[in-house]
1. Which one, H103, H577, V792, projects farthest toward the positive side of the charge dipole computed for the chain from Cβ point charges (K/R +1, D/E -1)?
2. Rounding to the nearest 10 and keeping the result within 0 to 90°, find how far the Cα-based axis of helix 711-721 lies from the longest principal axis of the chain.
3. For S797 and D493, what does the FRET efficiency come to when R0 = 30 Å and r is the distance between their Cβ atoms, rounded to the nearest 0.05?
4. At a threshold of 8 angstrom on Cα-Cα distance, excluding pairs fewer than six apart, so keeping six or more, what relative contact order does the chain reach in percent?
5. Using only the alpha-carbon atoms of the range 45-144 as identical scatterers, what base-10 log of I(q)/I(0) does the Debye formula give at q = 0.17, 0.18, 0.22, 0.25 Å⁻¹?
6. What are the semi-axes of the equivalent ellipsoid of the range 215-284, taken as the square roots of 5 times the eigenvalues of the Cα gyration tensor, listed largest first and rounded to whole Å?
7. If one takes the longest principal axis of the Cα atoms in the chain, at what angle in degrees, from 0 to 90 and to the nearest 10, does the Cα axis of helix 180-198 lie?
8. So what is the orientation-averaged projected area of the range 152-220, using the convex hull of its C-alpha atoms, in nm²?
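The values are calculated or read from the model by the stated rules, or taken from the named source; none is laboratory data. What you are looking at is a predicted structure, and each value in this text was computed from that prediction instead of being measured. A quick note on method: Cβ atoms are made from the backbone with ideal geometry, for glycine too, and the neighbour counts reach across all protein chains shown. Ligands, DNA and RNA are excluded from the accessible area calculation, which covers all protein heavy atoms including side chains. Shrake-Rupley method; radii C 1.70, N 1.55, O 1.52, S 1.80 Å.
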Amino acid sequence: MHRTPLLDHITLQDELKKADHPARVYADTLKRYDDVIHRRFTTGTSIQEVVQLRSQLVDEILLHIWSTHFPSNPNTLSLIAVGGYGRGEMMPKSDVDLLILLHESDPEQHNNALEQFLTFLWDIGLDIGHSVRTVAECVKQARKDVTIATNLMETRLLCGSAALFEQMQQATGPEKIWPSKAFFQAKLEEQRQRHQRFQDGSYKLEPNIKESRGGLRDIQMIGWVVKRHFGADSLQELLHHHFLTEEEYQLLIDGQSLLWKIRYLLHHLSGRREDRLLFDRQRELAHAFGYLDDRNNLAIEQLMQRYYRTVLGLQRLNEMLLQLFKEHILHADEAAEITPLTPYFQLNRGYLETVDETVFDRYPSGLLELFVMLSAHPEIKGVRANTIRQLRAHQHLINADFRADATNQGLFLALFREPQGLTHQIRRMHRYRILDAYLPAFEKISGRMQYDLFHIYTVDQHTLMVIRNLRRLSLAKHQHELPLCYELTQQIDKIELLLLAGLFHDIAKGRGGDHAQLGAEDAERFCLQHQLKKVDAKLVSWLVKNHLIMSMTAQRKDISDPDVIHDFATQVSSTKHLTHLYLLTVADIRGTNPKLWNGWKDNLLKELYYKTLNALRRGLDNPLDRAEHIQAVQEEAQELMQPQQNQQTALQTLWRDFGDNYFLRHSAKEVVWHSKAILAHHETSPLITFHPQAQQGSTEFFIYTRDSGNLFAQVTSVMDNLNLNIVNARVITADNGMTLDTFLLLEENGEAITEISRIEQIHRNLEKSISSNTLATPMRHSQSRKLKEFNVPLRISYSNGLEHHFTSVSISASDQSGLLSKIGRSFADCQLQVHNARISTIGERVDDTFFFTDQHNQPVTDSVTLQQLQDLLEQRLGGTHS
């Protein structure tokens, strides 16, 4: 096909004649015409034309350079475009993949000229991927590696010997190597491994638009099969061979166009090849696409929702087409293997299908029954492609009357009552858009991102992950992961209520207002419409409304305080509520971000569960008295220690000095550990000891030393410099002027500290800082790329819990290097003593609470001092108080 030249070859030739450095002329020409192409892109030229223009530009530059290096255009060479360049799909920074085909007669005669040619291409700024082979070498390599065979399919002769090029095509075609059946099987396995490698990457907040499920590679996979089996050069051939309808073909092309546009802009904005939709580019992309922030949706969220919904549709098409290819390529010569199941459904080679194309018209309930059957029969391989197409074509039948039908309501609930298969089938329902049709509220959260670093999945995928986690908690084969959760699930008589709470817990995200309250109203209405008992509907609604309170209480409040436990128990009100809420909370955290769940959170939630359970069993009208609690801790510690007679007096003196607050905030086992260490310590240096076992999923260390007033600042400075996270701090000043401080630590990756050398390093640094009564010099840590994209407003709020003898300050700020150290220094500079700290980092935001007093252990009521602290925090943490 004749193309109008892009380059002004006369001007280029004139510039080359005048130039001392030809490479610079070509580089400038390439950049100038890239700018021309980009202007065409920004003024509405279709992305299909833009990628072809970029390929044409590279063609013309290469051919011009080739003619200067091989002026005679020898017939023993072929210059061939390969891969994406071979397809004519070039992005601004795509690799230029070349195959230089040599004649067998004298393969080395052009070595020097080829080396100079390829070096020159690098000099002008092209990223060249090349291979230099004979036809025989192409065949040998392609036979061994299906990826090479695939590349050789996507070739385009640029110049040189056409005969040599045709010889290579014939020698590597399906008649000689990799017949279409073997090729398809190999590519199918290749895709399976890639999907497994990227797992749920399509729905993570920084997806790879090329390699993830539903990405460009999945579209290319379809094209490769079509080309190998049918010899077709375009996806449009799928229409001619009746693999796609016109509507499906348009969805495929529209999806490809969107991904191409995103990839084009990623290359252009990054100035390099980039296939990841990173945070630091998403905002720019959203504006480039013309999206604007509105009241409930940021521009970036609108763009990303469009992306996620597109890849979900492409996944569905990929699944359907590959199954059709299986039937056409792998089983074409085999007779159908039909196994009747019901009057409406049958198995065909192990795949579920309708008995004919009128089933859903005659029996609309089959749109739900299909998934119940799949769940009840795990031996079924999947759904046949023609039935997937029928599901899509009949979605319109799922309307208000359909949802109000008792049969359909029963089928939907039956899926949640099935003892197996729910996870796979609820995901399949979503992929085929049946779930979205049955629950219109779910359709609204489909593909909805949450623009933060806490949630790494879209709302719909997070919801399905929570359902998966809840189901997993109840399976015996997984009970070793979370034994308490497994034990509790076995005590629940209606597991479907817990699963429904998981389905609805985030369903109102993005509407504005309190999503938990709105979701609770949706959940109760749904349950009552589906004929559940009122008490069951109330339970589901209560769980949705309160699904955040357990994690917030555990991470932001002092659960060693009996009053905190009593308040939480009052909110929960019953052991049934507590059990369901605990399980939902575990599943929710584990489904938000895999890196968020660790042993510390596991033990923290278990501690809150057991303490609340005890409070509920004791009775809400009979809360644990503080004196009673202190006595119980001391009696248990005494029994565990079994002190010798000569130790008894020293122990009693020590405990008398500890004070009541100490026993309120430490367990009997901790009291024993601390007491033994102190009684055995006879040196003047600070006592610094680490717990030998990470029983709380973190590393616990204890410091006993003379109170200097700024110990908290000293410890946080050391920990920040060592890249350690403090997740909990308890600071007690004893009556004898000594300080008893307990800190829970995690490594930067969220794991407990286990290396002896690491513990010794911490010990050395702490001892040096405390003994010298100095603060460690702050070290500069670079801020992560992701955190730079978020600007969390600084919020500081005070409250006085006079009954607890503390003032508290809650600080919400952007996560940043040295944050705790900056806060600790601020307290020290104001001569304030921190007694307790709850440290919570949620993605890009920290929400920390500190309980403090003045130097006389009294709550701070002086507004001047509080303002001084606020001013220092604002200065050091950045931003203004709001």
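1. The residue sitting most towards the positive pole is H103.
2. 20
3. 0.10
4. 6
5. Evaluating at q = 0.17, 0.18, 0.22, 0.25 Å⁻¹ gives log10 I(q)/I(0) of -0.81, -0.90, -1.21, -1.40.
6. 29, 13, 8
7. 30
8. Mean projected area for the range 152-220: 6.0 nm², to one decimal.
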